Amino acid sequence: MGDIANVILVGLMVLLGGIPSIYILVSMPIILAEKFYGKIKYGKSLYD
């Protein structure tokens, strides 16, 4: 019975850690591409 609880807890921890990690992994290149596009095309600051 204890092994099943451990498997469920580990699976839950993987989900709780993995979802934000995947979000950051996907969103950072998109945000950086948007910043560089605005910088190149419109001359906007990278900090805005």
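Every read-out reported here was derived from the displayed coordinates using simple, explicitly stated rules and does not represent laboratory data. None of these values were measured; they are calculated from a predicted model. Counting neighbours? That spans all protein chains shown, and the Cβs are built from the backbone with ideal geometry, glycine included.
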Could you please give the count of residues in the stretch 1-20 that are surrounded by 10 or more Cβ atoms within 10 Å (Cβ to Cβ) and small (Gly, Ala, Ser)? 3
Quick check, is residue 45 on the phi < 0 side of the Ramachandran plot, surrounded by 10 or more Cβ atoms within 10 Å (Cβ to Cβ) and small (Gly, Ala, Ser)? no
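Give the residues of the stretch 14-48 that are outside any helix (DSSP H, G or I) and of a type in the set (D, E, K, R), sorted by residue number. Even if it seems obvious, please write down each step before you answer.
At the first step, the residues of the stretch 14-48 found to be outside any helix (DSSP H, G or I) are 43-48.
Once the filter is applied, which keeps residues that are outside any helix (DSSP H, G or I) and of a type in the set (D, E, K, R), the stretch 14-48 yields 44, 48.
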